[in-house]
Amino acid sequence: MDDGRPAWLQEPCPPWCAREHEEDDHPKDRYHASEATYLPVIGATADTVLAAASADAFELIIHIRRRLDDPTDWVTVEPAQTRLPRLTLTRESAARLVRALAEQLDREG
């Protein structure tokens with residue numbers, strides 16, 4: 001192609017795509033990906049109100065991916081150290097989660 005894209009990449013990249021697409025990319029590696037956002041957090045593994053007993057500092061990775069020829073953007077949030085457990089949501093579901101978190105945090109109590 002004359003625009004520098006590999007021949008297999010027929011669609012334009014979304015504005016958030018930071019992935020370098022190469023002509024010899026394996027078919028499983030042909031997807032769009034945003035730059036990762038790294039977010040330092042304090043989290044707990046305990047499923048109780050006394051979560052502080054299992055609290056620890058770690059980093060979350062947040063990124064968006066989309067397979068070629070798929071209209072769905074997927075937002076993934078995962079711990080950097082293990083990559084599991086992972087939460088992968090559609091863009092619309094991630095936006096609803098953001099709104100729900102904001103509502104929870106804005107409640108006076």
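Odds and ends about this structure:
- Solvent exposure of the range 40-100 amounts to 70 Å² per residue of accessible area, where only protein heavy atoms count and the probe is 1.4 Å.
- Max mean-square fluctuation residue, GNM over the chain, Cα-Cα springs under 10 Å, options Leu87, Leu97, Leu60: Leu97
- Stretch in the chain that is longest and holds no GluC sites (Glu not before Pro) that DSSP places in a loop and that have at most 14 other beta carbons within 10 Å: 36-107
- The residue list Leu60, Ile42, His26 was ranked by how far each Cα lies along the charge dipole of the chain toward its positive end, using unit charges on Cβ atoms, and Ile42 comes out on top.
- Between the range 1-37 and the range 65-83, the Cα center-to-center distance that results, in Å: 15 Å
- Sequence-separation-based contact order of the chain, relative, with Cα cut under 8 Å and 6+ spacing, percent: 17 percent
- Where trypsin sites (Lys or Arg not before Pro) fall in DSSP loop in the range 24-109, at most 13 other Cβ within 10 Å: Arg83, Arg86, Arg107
- When the chain is treated as a Gaussian network with alpha carbon springs shorter than 10 Å, the biggest mean-square fluctuation among Ser93, Ser34, Ser54 belongs to Ser54.
- Accessible surface of the range 1-85, 1.4 Å probe, proportion on carbon and sulfur as whole %: 55 percent
- The chain: angle of helix 91-106 to the longest principal axis, Cα-based, in degrees nearest 10: 20 degrees
- Once the Cα gyration tensor of the chain is diagonalised, semi-axes √(5λ) in Å: 35, 16, 11
The values are calculated or read from the model by the stated rules, or taken from the named source; none is laboratory data. Since this is a predicted model, take the numbers as computed values, not measurements. Positions of Cβ are generated from backbone atoms using ideal geometry, with glycine treated the same way; all protein chains shown enter the neighbour counts. Ligands, DNA and RNA are stripped out before the accessible areas are found, and what is left, the full protein with its side chains, is counted by its heavy atoms. Shrake-Rupley method; radii C 1.70, N 1.55, O 1.52, S 1.80 Å.
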